[in-house]
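Novice: Sharing a structure below in structure tokens format, with a few things to ask.
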Amino acid sequence: MGMQIGIVGKPNVGKSTFFNAATDANAEIANYPFTTIEANRGVMYVRKPCPCKDFDVKCTPHNSKCIKGTRYVPIEAIDVAGLVPGAHEGRGLGNKFLDDLRQADALIHIVDASGSTDDEGNPCSLGSYDPILDVDFLEKEITFWLNGIIKKDLDAIARRCELEGKKIEKMFAEKLTGLGIKEDHIHNAVRSINLNTDAPSKWTEDEVLQLSEYIKKISKPMLIAFNKCDIALDKDIAKSLELKKKGYVVIPTSSEGELALTNAAKKGFIDYNPGSNDFNILKESDLSSKQLKALKYIKSHVLQKYGSTGIQKCIEEAIEMLNLIVVYPVEDETHLSDKKGRILPDAYLMPLGSIARDLAYKVHTDIGDRFIRAIDARTHRIIGADHELKDGDVIRIVADS
Ligand SMILES: Nc1nc2c(ncn2[C@@H]2O[C@H](COP(=O)(O)OP(=O)(O)OP(=O)(O)O)[C@@H](O)[C@H]2O)c(=O)[nH]1
Ligand SMILES: [Mg+2]
């Protein structure tokens, strides 16, 4: 299963706009809360230097794209319904929508930095709502949601631990695998909070909440997209400093700007690459004065002011936060091809620390089970199952037939 990034936030902040701008999808966008009810899924792309350059070959990507030597590696995005204060208790569209985030490996929290939506996502006048408030509320909702999941299982788990002598870390990890939690995560949490593993039924509410907080930090790392930066007042954008001081990564974004630019590029009006700090107008005569004005506004109020629309930067920061590397499996290390003769066909995102055997399992369970050895196509060296992979590795797996 691949990696997934959740796009979260209160209603009407631009989650679906961000999602459409980042993915190529066409989710509904509107200026009122709860436009999105069912989650939208799509594919975003992370940019990496394609190994085709180093090997001086022409690649034929299959699961990804290569444009002028830059590989666009896929990662799934999920755009969920807006969350309001009390969502974990079922307020707004509530709990089910938090459950859409179970599989997410990281979260991009879309905040309306322009302060033009209130705590429930209703439109209000520009700059009248403090965007900082959104951050604390969302953290709380996610912690309480996880706390609910943990508490629900705790009684049964505690009983079995105490009666049958089962290990609490192991049982919890099994319960929470769907959240990407591993046994050593729980082990570290239990140690740092100083929980008594022999008597989990005696853990206090507060201790369980601390455990939830800890689990949230490791299982749902979050970065903040300070969205609507195209209209946000400088006094509100400046508040990102407060958040940075607290340790958050904050990126100013204009999802609407990115969407406008990618649409204009698709129609051939402009030459623009996502992530770039500029674009060229190709056919000025084809543009209405309104369109021209909008493009110029994005150039001066977004690209020149913030260096980009921020969308690509968010995706890349999320990958950074997750410590992911990109690895290219091939079946023939001389031609760098698969059975069908495609050159450097697939690019996989994997956690830093992954070993050759992990890659084999990612290609196919069967290949993992029958792993004999691997070959590093860059060095032609034979590597073993436990060899740690590096970013950009091109690897042939040899499996027993
Ligand atoms: N100025 C500006 N407006 C934006 C931006 N991003 C989104 N909007 C506007 O904000 C409103 C809400 O956008 P959506 O993408 O539907 O927001 P959402 O968070 O998905 O909303 P729900 O699905 O209702 O929770 C729309 O009117 C968008 O056009 C932005 O970067 N700048
Ligand atoms: Mg939406």
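Novice: At a 10 angstrom cut-off on C-beta neighbours, averaged per residue, how do the peptides 152-165, 222-235, 332-345 rank from highest to lowest?
Specialist: The packing order, highest mean first, is 222-235, 332-345, 152-165.
Novice: So, one more: List the residues whose amide H sits under 5 Å from the amide H of His62, counting only those 5 or more places along or on another chain, with H placed 1.01 Å from N in the peptide plane.
Specialist: Those lying under 5 Å, H to H, from His62 are Asp346.
Novice: Here's another thing I want to ask about it. What list of whole percents do you get for P(r) of the chain, with Cα-Cα distances grouped in 10 Å bins up to the one holding the largest distance?
Specialist: 5, 20, 26, 24, 17, 7, 1, 0
Novice: Using the 10 angstrom Cβ neighbour count as an exposure proxy, how do Thr309, Thr17 rank, fewest first?
Specialist: Placing the least packed residue first, the sequence is Thr17, Thr309.
Novice: Moving to a separate point now. In 5 Å bins starting at zero, report the fraction of Cα pairs in the stretch 241-348 per bin as a rounded %.
Specialist: 2, 11, 15, 14, 11, 11, 11, 10, 8, 4, 1
Novice: Roughly how many debye, to the nearest 20, is the charge dipole of the chain about its Cα centre, given +1 on each Lys and Arg Cβ, -1 on each Asp and Glu Cβ, and no other charges?
Specialist: The dipole of the chain has a size of about 860 debye.
Novice: Rounded to the nearest whole Å³, what is the per residue volume of the convex hull around the Cα atoms of the stretch 79-174?
Specialist: Dividing the Cα hull volume of the stretch 79-174 by its residues yields 102 Å³.
Novice: Among 266-277, 37-48, how do they line up by average Cβ neighbours within 10 Å per residue, starting with the highest?
Specialist: Going by the mean number of other Cβ atoms within 10 Å, highest first, we get 37-48, 266-277.
Novice: Here is a follow-up. Let's test this: bin the Cα-Cα distances of the stretch 5-130 at 10 Å from zero up to the farthest pair and state each bin's percent.
Specialist: 13, 36, 26, 14, 8, 2
Novice: Quick one: compute a quarter of the convex hull surface over the Cα atoms of the stretch 324-399 and quote it in nm².
Specialist: So the Cα hull casts an average projection of 4.2 nm².
Novice: Mean residue ellipticity at 222 nm from the helices of the chain, using -39,500 (n - 2.57) per DSSP H segment of n ≥ 4 over the full residue count, to the nearest 500 deg cm²/dmol? Spell out each step's value before the answer.
Specialist: On the way: 14 runs with 143 residues, N = 401.
Mean residue ellipticity at 222 nm (helix-derived): -10500 deg cm²/dmol.
Novice: Among Ile29, Met3, Tyr297, whose Cα lies farthest out toward the positive end of the dipole of the chain, if unit charges sit on the beta carbon of Lys, Arg (+1) and Asp, Glu (-1)?
Specialist: So the residue furthest toward the plus end is Tyr297.
Novice: Same structure again: Using the reciprocal of the averaged 1/r over all distinct C-alpha pairs, how large is the Kirkwood radius of the stretch 145-296 in Å?
Specialist: 19.6 Å
Novice: Could you list the residues of the stretch 191-220 with an amide nitrogen less than 14 Å from a label point located 7 Å from the Cα of Asp155 in the Cα-to-C-beta direction?
Specialist: Correct set: 201-202.
Novice: Compute the separation of the alpha-carbon centres of the stretch 353-401 and the stretch 213-241 and state it in Å as a whole number.
Specialist: Comparing the Cα centres of the stretch 353-401 and the stretch 213-241, I get a distance of 38 Å.
Novice: Still on this model: What ranking do 8-15, 391-398, 372-379 get when scored by the average of other Cβ atoms within 10 Å per residue, highest first? Could you put the intermediate results ahead of the total?
Specialist: Working: 8-15: 26.5, 391-398: 19.6, 372-379: 17.2.
Listed from highest to lowest mean packing, they are 8-15, 391-398, 372-379.
Novice: Something else now. Would you mind classifying the stretch 142-212 by shape? Square roots of the alpha carbon gyration tensor eigenvalues, ordered a ≥ b ≥ c; an a/c under 1.5 is rounded, otherwise it is prolate if a/b is larger than b/c and oblate if not.
Specialist: Taking the square roots of the gyration eigenvalues as a ≥ b ≥ c, the stretch 142-212 is rounded.
Novice: Average the reciprocal distances over every distinct pair of alpha-carbons in the stretch 1-43, invert the result, and give the Kirkwood radius in Å.
Specialist: Averaging 1/r across every pair of different Cα atoms and inverting gives 10.9 Å.
Each value in this text was obtained by applying a stated rule to the coordinates, not by laboratory testing. Bear in mind that the values here come from a model prediction, so they are computed numbers and not experimental data. Note that each Cβ is placed from the backbone with ideal geometry, even for glycine, and that neighbours are counted across all protein chains shown.
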